[in-house]
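Before any comments, here is the structure.
The values are calculated or read from the model by the stated rules, or taken from the named source; none is laboratory data. Keep in mind the model is a prediction, meaning the values are calculated, not measured. Glycine gets a Cβ as well: all are built from the backbone with ideal geometry, and neighbour counts include every protein chain shown. These accessible areas exclude ligands, DNA and RNA; they are computed on the full protein's heavy atoms, side chains included. Shrake-Rupley method; radii C 1.70, N 1.55, O 1.52, S 1.80 Å.
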Amino acid sequence: MKISVIGSGYVGLITAVCFADAGHSVSCIDIDSEKIRKINAGIPPIYEEGLAELLEKNTGRIKATSDYAAIKDSEITFICVGTPSNADGSINIDYVLESSKQAGLQVKEASSYGIIVVKSTVVPKTTEEKIIPVLEKISGRKAGKDFGVCMNPEFLKQGSAIRDFMNQERIVIGEHDRKSGDALESLYKSFNSPVLRTDLRTAEMIKYASNGFLAAKISFINEVGNICKRLGINAYKVAEGMGYDPRIGKHFLEAGIGYGGSCFPKDTKALSHLAKSIGYDPKILDAVIGTNEEQHKKMIEIIKRKSGSLKGRRVAVLGATFKKGTDDLRDSRSIPLIRDLLDEGAEVSVFDPIGGAAIKNILGSIRIAESLEDAVNSNEIISVATNWDEFKKLEDMKEQLRGKVVVEGRRLLDAEKMKSVCDFEGVCW
Ligand code: NAD
C-alpha cells in the first residue's frame with residue numbers, strides 16, 4: 001500500500017518505519033527540513049531504541065519530503081502532528097488544522113478514494129467538528145463519498161515505541177463510515193492485534209480516558225507513598241502487595257516524583273478543560289494533576305531536611321529526560337525540580353546519558369556534567385530524577401559517594417547498599 005504520514009516526530013516516524021517494515025511504501029511529510037534530511041540519510045532525528053536499525057533496513061521504502069503531493073496517490077494518510085497545551089490547558093490544534101488543509105488540497109486533486117486518518121491526540125468531536133469540515137471545504141469533496149476518514153489514537157510508549165507499535169495491545173479504529181474503517185483495519189491486519197471499531201468521538205475519548213486513568217494510577221500511588229513515608233512503611237512493598245490483585249494490576253504503581261512527558265500532563269489537562277467547558281467539574285482529574293505538580297517538591301524537602309539551606313550548595317541532578325530510553329524533555333519532572341533547586345540558591349549540575357545538552361537550552365544557569373563520575377565527584381548532594389539503567393552504577397561508587405547525600409526520585413537503587421556508604425533516602429520509601 002502507498003501510505004503518507006504527516007509529521008515525523010515520536011509518533012509519525014515510528015508509524016512510518018513500522019508500516020515500511022511491514023512492506024508498505026511510506027512518504028514522511030514534515031515541515032522541518034533538518035528532520036527530512038536526516039530521515040533520507042537514514043539517521044533518526046529522535047532517540048528511540050531500535051529506530052536506527054529499522055530506518056536503515058527500510059530506507060528503500062521510506063521517503064521524507066516537505067511536499068504534500070504524495071497524499072493524492074496514497075491510499076491512507078496519517079496525521080501525526082503535535083497537539084501541545086495552550087496556557088489554559090486546552091489543546092492547540094493549529095498543526096492539525098494546517099495538516100488537514102494541506103491534505104484537503106491533495107484530496108481535491110486525487111483520482112482515487114484515499115483515507116485521512118487522525119492519529120494525533122485530539123479531544124472528542126475534534127475530528128467531526130473541526131477536521132472534517134476543513135477537509136471538505138478545501139477539497140470541495142464529501143467525506144464518506146469521495147474520501148474516507150478515521151480516528152486512530154496511538155498508545156505507544158516512548159522508550160519502547162517500536163515494540164509497542166509492532167505488538168499493539170489494541171488497535172482502536174474510530175470510523176466516519178464502514179468503508180474507511182475496513183480499509184484501515186486491513187492495513188493493520190499483519191500486526192495481529194485486537195481491533196476495536198468505534199465512532200470517531202469514542203476513539204478520541206478512549207485515548208484521553210486511558211491516559212487520564214494511567215496518570216491517576218501514578219498520582220494515587222504517589223499519594224499512598226507520601227502517606228507511607230510518614231508512617232515508615234515501604235511504599236514499594238505495599239504496591240507489590242496490591243499488584244497481585246488483577247483488578248489493580250502490578251504496573252504503574254511505582255511511587256516517585258511524578259509523571260512527565262509529552263502526553264500525560266497535556267492530556268489530563270485537556271480532558272479537564274474539555275469537561276469544564278461542557279459544565280462538568282472533573283474533581284478526580286484535577287486532583288491527579290495537582291498531586292503531580294506538587295510531587296517533585298518532596299525531593300527538595302528531603303534534601304533540605306538532610307542538608308539545611310541549599311544556598312551555594314552543589315547539587316547533581318541525574319536525569320533530564322522524562323524517563324529512560326528517550327531524548328524527550330517535554331514536561332520532564334527534572335525541569336521544575338532543577339528550577340526549584342536554583343530558586344533555593346543551589347549550584348546545579350545535570351547529567352543525562354542522552355538529554356543533557358538539550359536541557360541546557362531550557363535552563364541556562366546549570367552545568368552539564370560530562371559523565372556520571374563527574375556529576376558525583378563534583379557535587380555534595382545527588383538527586384536521581386530519571387530511572388536510566390546507567391545510574392545503577394551508583395551502588396558501586398562507594399568511595400566517591402562516602403558521606404554524601406543521595407535522594408532518589410525513581411526507585412532504582414538498592415537501599416541497603418546505598419545506606420552503607422551515604423546518607424540515602426527515597427522520595428516515597
Ligand atoms: P512531535 O512534536 O514529536 O512531532 C510532530 C511533528 O510534526 C514534528 O516533526 C513537526 O515538525 C511536524 N509538523 C508540525 N506541523 C506540521 C505540518 N503542518 N506538516 C507536516 N509536519 C508538521 O509530536 P509527537 O510526540 O510525535 O506527538 C504527535 C501526536 O501524537 C500528539 O498529538 C501527541 O499527543 C500524540 N501522541 C504522542 C505520543 C508520544 O509518546 N510522543 C504517544 C501517543 C500519542
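Within the stretch 278-322, take every residue that is touching a residue at least 60 places away in the same chain (Cβ under 8 Å) and among the small types (G, A, S) and give me the one that is farthest from N211 (Cα to Cα).
Looking at residues that are touching a residue at least 60 places away in the same chain (Cβ under 8 Å) and among the small types (G, A, S), I get S307.
Evaluate the stretch 170-192: report whether one residue or more is assigned by TED's automatic domain parsing to the domain that holds L13, under 18 Å from D267 (Cα atoms) and within 16 Å of the ligand (Cβ to nearest atom).
Yes, that holds for at least one residue.
Find the residue count for the stretch 33-51, including only residues that are assigned to a loop (DSSP other than H, G, I, E, B) and open to solvent by less than 60 Å² (accessible area, probe 1.4 Å).
5
Confirm whether E98 is at pLDDT 95 or above, more than 16 Å from the ligand (Cβ to nearest atom) and among the acidic types (D, E).
no
Name the residues in the stretch 23-32 that are part of a strand (DSSP E or B), free of Cβ contacts under 8 Å to residues at least 40 places away in the same chain and under 11 Å from S8 (Cα atoms), would you?
Scanning the stretch 23-32 gives a single hit, C28.
So is I221 open to solvent by 60 Å² or more (accessible area, probe 1.4 Å) and of a type in the set (A, V, I, L, M) or not?
no
Regarding the stretch 224-236, can at least one residue be identified that is within 21 Å of P153 (Cα to Cα) and surrounded by fewer than 22 Cβ atoms within 10 Å (Cβ to Cβ)?
No: the stretch 224-236 contains no residue that is within 21 Å of P153 (Cα to Cα) and surrounded by fewer than 22 Cβ atoms within 10 Å (Cβ to Cβ).
Being modelled with pLDDT of 95 or more, within 14 Å of the ligand (Cβ to nearest atom) and not assigned by TED's automatic domain parsing to the domain that holds K269 is true for just one of K57, K72, K38. Which residue is that?
From the options K57, K72, K38, the qualifying one is K38.
Could you say whether any residue in the stretch 22-33 is in contact with a Pro (Cβ under 6 Å, 6 or more places away or on another chain) and assigned by TED's automatic domain parsing to the domain that holds Y95?
no
When you scan the stretch 262-277, do you find a residue that is under 29 Å from K393 (Cα atoms), touching a strand residue (DSSP E or B) at 6+ places or on another chain (Cβ under 9 Å) and in a loop (DSSP other than H, G, I, E, B), even just one?
No, because not a single residue in the stretch 262-277 is under 29 Å from K393 (Cα atoms), touching a strand residue (DSSP E or B) at 6+ places or on another chain (Cβ under 9 Å) and in a loop (DSSP other than H, G, I, E, B).
Sort out which residues of the stretch 271-288 are within 16 Å of the ligand (Cβ to nearest atom) and surrounded by fewer than 24 Cβ atoms within 10 Å (Cβ to Cβ), and write them in order of number.
The answer is S272, H273, L274.
Which condition breaks for V405 when tested against (1) within 26 Å of N226 (Cβ to Cβ); (2) open to solvent by less than 10 Å² (accessible area, probe 1.4 Å); (3) β-branched (V, I, T)?
Status for V405: all satisfied but (2).
Please determine, by comparing only the residues of the stretch 2-22 that are within 16 Å of N40 (Cβ to Cβ) and touching a helix residue (DSSP H, G or I) at 6+ places or on another chain (Cβ under 6 Å), which one is nearest to the ligand (Cβ to nearest atom).
By that ranking, first place goes to S8.
Considering each of E136, E129 in turn, give the residue that is away from the ligand (no atom under 13 Å from the Cβ), open to solvent by 10 Å² or more (accessible area, probe 1.4 Å), of a type outside the set (A, V, I, L, M, F, W, C) and over 28 Å from the mean Cα position of the chain (by Cα).
Going through E136, E129 in turn, just one is away from the ligand (no atom under 13 Å from the Cβ), open to solvent by 10 Å² or more (accessible area, probe 1.4 Å), of a type outside the set (A, V, I, L, M, F, W, C) and over 28 Å from the mean Cα position of the chain (by Cα): E136.
Name the one entry in F147, F155 that is open to solvent by less than 50 Å² (accessible area, probe 1.4 Å), of a type in the set (F, W, Y), assigned by TED's automatic domain parsing to the domain that holds D177 and within 13 Å of the ligand (Cβ to nearest atom).
None of the others qualify; the one that does is F155.
Return a yes/no flag: does the stretch 243-250 have any residue that is in contact (Cβ under 8 Å) with a residue 40 or more places away in the chain, in a helix (DSSP H, G or I) and over 29 Å from I381 (Cβ atoms).
No - not one qualifying residue is present in the stretch 243-250.
In this structure, does G9 turn out to be more than 18 Å from S74 (Cβ to Cβ) and surrounded by fewer than 17 Cβ atoms within 10 Å (Cβ to Cβ)?
So G9 fails the test.
Looking only at the stretch 251-277, which residues are among the aliphatic types (A, V, I, L, M), in contact (Cβ under 8 Å) with a residue 60 or more places away in the chain and within 26 Å of I382 (Cα to Cα)?
Within the stretch 251-277, A255, I257 meet the criteria.
Can you tell me which condition G82 does not meet? The list is (1) within 13 Å of the ligand (Cβ to nearest atom); (2) within 23 Å of P153 (Cα to Cα); (3) in a helix (DSSP H, G or I), and all the others hold.
(3)
Residues checked against (1) in contact (Cβ under 8 Å) with a residue 24 or more places away in the chain; (2) part of a loop (DSSP other than H, G, I, E, B); (3) surrounded by fewer than 16 Cβ atoms within 10 Å (Cβ to Cβ); (4) basic (K, R):
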residue	(1), (2), (3), (4)
K324	yes, yes, no, yes
L341	yes, no, no, no
G345	yes, yes, yes, no
S365	no, yes, yes, no
E373	yes, no, yes, no
